[in-house]
Amino acid sequence: MFTLAKRTFLFLGFLIFSGSIACQHLPEPLETDYDPSTQFNLPKGSKARLGKGTIHGFEYTADGTRFAVFSSIGVWLYDAVTLQELSLFTRHTDYVYSGSISPDGTKVAAGFYRGTVCIWDTTTSELLYTLKEHKLMVTAITFSPDGTILATAGHDGHLHLWHATTGEHLKGSTKHTKPILSIRFSPDGKMLATATKDGTVYLWDVQTGSTLNTMKGHDSDVNSIDFSPDGRILATCSNDGTVRLWDTSTGKNLTTFSDHGTWVRSVRFSPDGDTLASQSFGGKILLWNVNTSELLKTLDDDLFHYGEGICFSPDGVTITAANHTNINFWDSITGELLRTLRGYTTMMRSVDFSPDGQKIATGSEDGRPRLWDAVTGRLHTIFYRHISRVRSVHFSPDSKILVSSSDDRKVQLWDVETGVLIRTLIGHKNIVLCVRFSPDGRLIASSGWDTTVRLWDATTGEHLTILPHDKIVSSVSFSPDGQKIVTHTNKLQLWNLITGRRSRFMSNSLGYGVSFAPNGRTIVTGGHNGVLLRPVGRIGLTKTLAGATGGWVRDVSFSPDGRTVASANRDGNVTVWHISDSNAIVSFAGHSSNVNEVSFSPDGHTIASASGDGTVLLWDVKLD
């Protein structure tokens, strides 16, 4: 058995026993006054939503008075002048990949991961139709210029045309052999262009369904296409780093722009047709003179971006560009950044309630830990030092410090009040998956892909010791008395921090997440088909909380009173279990992607769930 240096663990023992762990008084349940932006179209059982999902695109109405944002959770409708949210159209439990708003703004359509398309009436919020011809995710949607036809395209390579008012299926095509990534009607509605993953662009006659032209020249995925206002030119952009202009009557390549030097994600013509805007994967926006091929201006956005996220306002005054989390509005003449619409978020990896119940911390794919007000749901602070996705966040017992870990191999400590970075802990050789404060706040444990758990002095940042493992350590948890640590690889391992010895191995447990019960006698962990409860003091499996998880459990958490366990499930649900009888009390459905982590509020009345859909939902769990 591996034994660590005696001197190190004498020091750890001193930290653990040099002061009694103060018994924390749990705050009274908070009277909440959630911000209106957190209340749109909530799923049953939830009381607030933090974040609006990940942006995949947006589109103006023809008169420019409103625009729709297509995020991972649904379609958000905005007033274009005030930037005020008007509505959210969502199915709650399916991920949105594409969308479109009718030119007159009376309908919005969304394409989902599971292959369905939904059309809503924006005035009444009524779901008009659910269209089910696609077998795989719907990658592109657009209304015809007169709003009578809806075109949808999918990863299955199928193209379908629908009557936008009745939902009638007009015609379909299975001629594409690769996924379709972008579709666009010509201004007169007579032609439809489709762009595919193999670099080919097709031009179709809408009336007959016949192929007018096939345009080949790109060497990789064609991500976005757009017709010039007169319909004579088609612009395309690709992962091959180029933007190309094509003659729609002959299919000839007129011009090629190669200045981006990386994947080009989106192209749009100005309303007068004289300027073309293109946006690369890294956020850079280039403005081109269509007539002379001159590069007019370069605008720098601040984040990588997905989807068709750039367009001119209908009056041509503004260029609007989306990245993962923001929508920026630029003056099309001067290039001045006029304003920014915020509030969107990338995949949420981690969530934690502060012990005083006042804040909620989240860690997400964009590398930015965030603090939210637990009372109002408003975004409080964004931390900007990690350079890759944040895997884990955790509050200190006094709620004054937040620790975060990242794919950048760093562990960082933040002052919750000021937002200032206190220090960075460097030592891991690979991705850091999990961080936790000890119950007295004196130690920090971190674990990751380098097959180690590292212990740090939380006050000085000193690296104290390493607990070696033979596989990736996905999670770690301190016992309530701070004397033990349980770690999770493909098995559970229990470590004594006083002696430095690994007490024993526990049987294999596929899954993620591990936590001690508040009394320290039981360990809970997620499994591939349920939740597992194991005793700390003896060998054996205590209970299996099976069913109601939809498969893999990604995280587990005890309630503060130890009577219930919440599980974060890969199917997008949160399940709450009663320990005494092993029964699932309730299962909450409302995320459009997997739930990665769950956290109870200190009073035990709320569960926060962090999801791959880019949101945190707060669930009411006031159970008798």
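Odds and ends about this structure:
- Percent carbon-and-sulfur accessible area, segment 340-425, ignoring ligands, DNA and RNA, probe 1.4 Å: 44 percent
- Projected label distance in nm at THR65 and ARG521, using a 7 Å step from Cα toward the beta-carbon: 6.6 nm
- Calculated FRET efficiency for the pair ASP315/TYR384, C-beta based, R₀ 25 Å, to 0.05: 0.15
- Only helices enter the 222 nm calculation for the chain: every DSSP H run of n ≥ 4 contributes -39,500 (n - 2.57), and dividing by all residues gives -500 deg cm²/dmol, rounded to 500.
- Legend: residues ASP221, ASP198, ASP470, sorted from most to least accessible area (1.4 Å probe; ligands, DNA and RNA excluded), read ASP470, ASP198, ASP221.
- Charging the Cβ of each Asp and Glu at -1 and of each Lys and Arg at +1, and nothing else, the dipole of the chain about its Cα centre rounds to 2880 debye.
- Gyration tensor (Cα) of segment 427-478, equivalent ellipsoid semi-axes in angstrom: 18, 11, 8
- Protection proxy ranking, highest mean first, for peptides 375-383, 170-178: 375-383, 170-178, where packing is the per-residue count of other beta-carbon atoms within 10 Å, averaged.
- When both segment 92-171 and segment 41-62 are represented by their alpha-carbon centers, they are found 17 Å apart.
- Spin-label pair ASP205-THR499: with each label point 7 Å from Cα along the Cα-Cβ axis, the two points sit 8.5 nm from one another.
- Note on segment 566-624: percent of Cα-Cα distances in each 5 Å bin, starting at 0 and stopping at the bin with the largest distance, equals 4, 20, 32, 24, 14, 5, 1.
- Note, ³J(HN,Hα) from phi for segment 404-420, Karplus 6.51, -1.76, 1.60, rounded to Hz, x at Gly and Pro: 9, 10, 8, 5, 7, 6, 10, 10, 10, 10, 10, 7, 5, 6, 9, x, 7
- In plain terms, the bigger the Kirkwood radius, the slower the diffusion; for segment 328-460, with that radius from Cα pairs, at 25 °C and 0.890 mPa s, Stokes-Einstein puts D at 159 µm²/s.
- Between 0 and 90 degrees, the angle of helix 6-17 with respect to the longest Cα principal axis of the chain falls at about 90 degrees.
- Cross-link pairs exceeding 18 Å in C-alpha to C-alpha distance, out of LYS175/LYS197; LYS52/LYS400; LYS44/LYS107, comprise LYS52/LYS400; LYS44/LYS107.
- In segment 76-228, one over the average inverse separation of all distinct C-alpha pairs is 15.7 Å, which is the Kirkwood hydrodynamic radius.
- The peptide list 102-113, 568-579, 239-250, put in order of mean Cβ contacts within 10 Å with the highest first, becomes 568-579, 102-113, 239-250.
- A simple rule links phi to the HN-Hα coupling: the Karplus curve 6.51 cos²θ - 1.76 cosθ + 1.60 with θ = phi - 60°, which for segment 55-63 gives 6, 10, x, 7, 7, 8, 6, 4, 8 Hz, with x for Gly and Pro.
- Segment 36-110: C-alpha pair distances exceeding 15 Å, %: 51 percent
- Cβ-Cβ FRET estimate between ASP581 and THR124, R0 fixed at 41 Å, reported to 0.05: 0.40
- Amide H contacts under 5 Å for ASN430: ASP450, restricted to partners 5 or more places along the chain or on a different chain, H placed in the peptide plane at 1.01 Å from N.
- Remark: the chain is approximated by an ellipsoid whose semi-axes, taken from the C-alpha gyration tensor as √(5λ), come to 49, 25, 22 Å, largest first.
- For SER515, residues with placed amide H under 5 Å, excluding near neighbours: VAL524
- Over all orientations, segment 181-250 has a Cα convex hull whose mean projected area works out to 4.0 square nanometres.
- ASP274 contributes about 70 Å² of solvent-accessible surface, heavy atoms of the protein only, 1.4 Å probe.
- Rg followed by Dmax, in Å, when segment 164-203 is reduced to its Cα trace: 11.7, 34
- Estimated inter-spin distance, ASP219 and LYS178, nm [label 7 Å along Cα→Cβ]: 1.3 nm
- Extended-chain gain in nm, criterion 0.36 nm per residue less alpha-carbon gap, THR376 and TYR113: 91.5 nm
- Difference of contour (0.36 nm per residue) and Cα-Cα distance, ASP561 to ASP272: 97.6 nm
- In the full protein context, the chain carries 39 Å² of accessible surface per residue, based on a 1.4 Å probe and ignoring ligands, DNA and RNA.
The values are calculated or read from the model by the stated rules, or taken from the named source; none is laboratory data. This is a predicted model, so every value here is computed, not measured. Note: ideal-geometry Cβ built from the backbone for every residue, glycine included; neighbour counts use all protein chains shown. Remember, those area values only see protein heavy atoms, side chains included, never the ligands or the DNA or RNA. Shrake-Rupley method; radii C 1.70, N 1.55, O 1.52, S 1.80 Å.
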